[in-house]
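Written below as structure tokens is the structure these notes are about.
The values are calculated or read from the model by the stated rules, or taken from the named source; none is laboratory data. Everything numeric here is computed off the predicted structure, so don't read it as measured data. So basically every Cβ, Gly included, is an ideal-geometry build from the backbone, and we count neighbours across all protein chains shown. Heads up: the accessible areas ignore ligands, DNA and RNA and are worked out on the full protein's heavy atoms, side chains in. Shrake-Rupley method; radii C 1.70, N 1.55, O 1.52, S 1.80 Å.
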Amino acid sequence: MKVVILEDANEVARYGADIFERQLAHKADSVFGLATGSTPVALYRELIERHQRESLSFAGVTTFNLDEYLGLPPEHPQSYRYFMQQHLFDHIDIRPESTFVPSGDADHPIEACDEYEARIRNAGGIDVQLLGIGRNGHIGFNEPTSCLTSRTRIKTLTRETIDDNARFFGPDEEQPHLSITMGIGTIMESRLVVLLATGASKAQAVKAMVEGPVSAWCPASILQMHPSTVLIVDEAAAGGLSNPEFFKHIERENQALLTRLGMV
Ligand code: GLP
């Protein structure tokens, strides 16, 4: 796992956006796996700016979101479909029919999970999967104890995750306790995984992910087994790591090597 430690959340967003921009330069019809939560918002803002400023185009792109609340229709302001429209899709040139989010109001949600998997497969698999991380180490809505080879399915949320996400819901709004989420096995099949974490509240989860045992208690720790994962963190989220200087040293060495090879 490559660990990149940067000064602050803005730098994290820019570094992440650079990865997406490079991927688009290399493959205009890339398949992106996308995430919700507050962490990726700055990266989406950066991509929108690049679209407006530099005509970075998403016209050939297909996207698959990680998860959705079970029971929320797409037009519900707390649904992840609504979130994606607001924070990204409505501001770029992506074709609406190429954006997929698990459907929270499917008549047959179990079948809908299998169909989602088939759609990802038919699109040729995910080139770059963006992830955030929950304070308990969850990715997507794969909560601790999730099967490490799981596929898209219905998952029960933990009390901790419900409480963490309660800030998005009004006092009288009912907050779902169930979700549809891509599985850990689904995520592990992505060619490149980019996980963003910012703020001190993520420091313990980041430490468990990077240094802890690979364990269903910290679903993100499975990424130690992924051949191509980039973890991008700010100083605060890196605060629990035993040896952050080593990762900074590696990054400097990598940059020097790329410069020497004329690759930057
Ligand atoms: C939710 C999402 C996750 C996200 C997590 C952290 O539970 N399902 O995909 O990573 O929240 O969100 P935040 O970035 O707001 O801390």
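What the phi angles of segment 25-33 give under the Karplus curve with 6.51, -1.76 and 1.60, with θ = phi - 60°, is a coupling list of 5, 8, 8, 5, 9, 5, 10, 10, x Hz, glycine and proline written as x.
Taking all protein chains into account, the per residue accessible area for segment 2-260 stands at 45 Å² (1.4 Å probe). Considering only C-alpha atoms, what is the centroid distance from segment 7-22 to segment 92-148, in Å? First find each Cα centre; the distance between them is then 22 Å.
Beyond 29 Å, the tail of the calculated P(r) for segment 2-260 holds 27 percent of the Cα pairs.
Loop only by DSSP, 15 or fewer other Cβ within 10 Å of the Cβ. Give me the chymotrypsin sites (Phe, Trp or Tyr not before Pro) in segment 153-222 that pass, ordered by residue number.
Values: sites: 168, 169, 217; in loops: 169, 217.
Loop-located and lightly packed - 169, 217.
Backbone amide hydrogens, once placed in the peptide plane, bring residue 215 within less than 5 Å of 221, 222, excluding anything fewer than 5 places away on its chain. In terms of overall dimensions, the C-alpha atoms belonging to segment 1-141 reach 43, 35, 30 Å along their principal axes, ordered largest to smallest.
What Kirkwood hydrodynamic radius, in Å, does segment 135-212 give when the mean of 1/r is taken over all pairs of distinct Cα atoms and then inverted? Kindly include the intermediate steps, with their values, before the conclusion.
On the way: mean 1/r = 0.0723 Å⁻¹.
Result for segment 135-212 stands at 13.8 Å.
Summed over all non-identical Cα pairs, the Kirkwood treatment of segment 31-112 gives a radius of 13.2 Å. When 218, 147 are compared by accessible area of protein heavy atoms, the largest-first order is 147, 218, using a 1.4 Å probe. In the complete set of protein chains, residue-level accessible area for residue 188 is approximately 50 Å², probe 1.4 angstrom.
Radius of gyration (Cα atoms) of segment 82-205, expressed as a multiple of 2.2 N^0.38 Å: 1.10.
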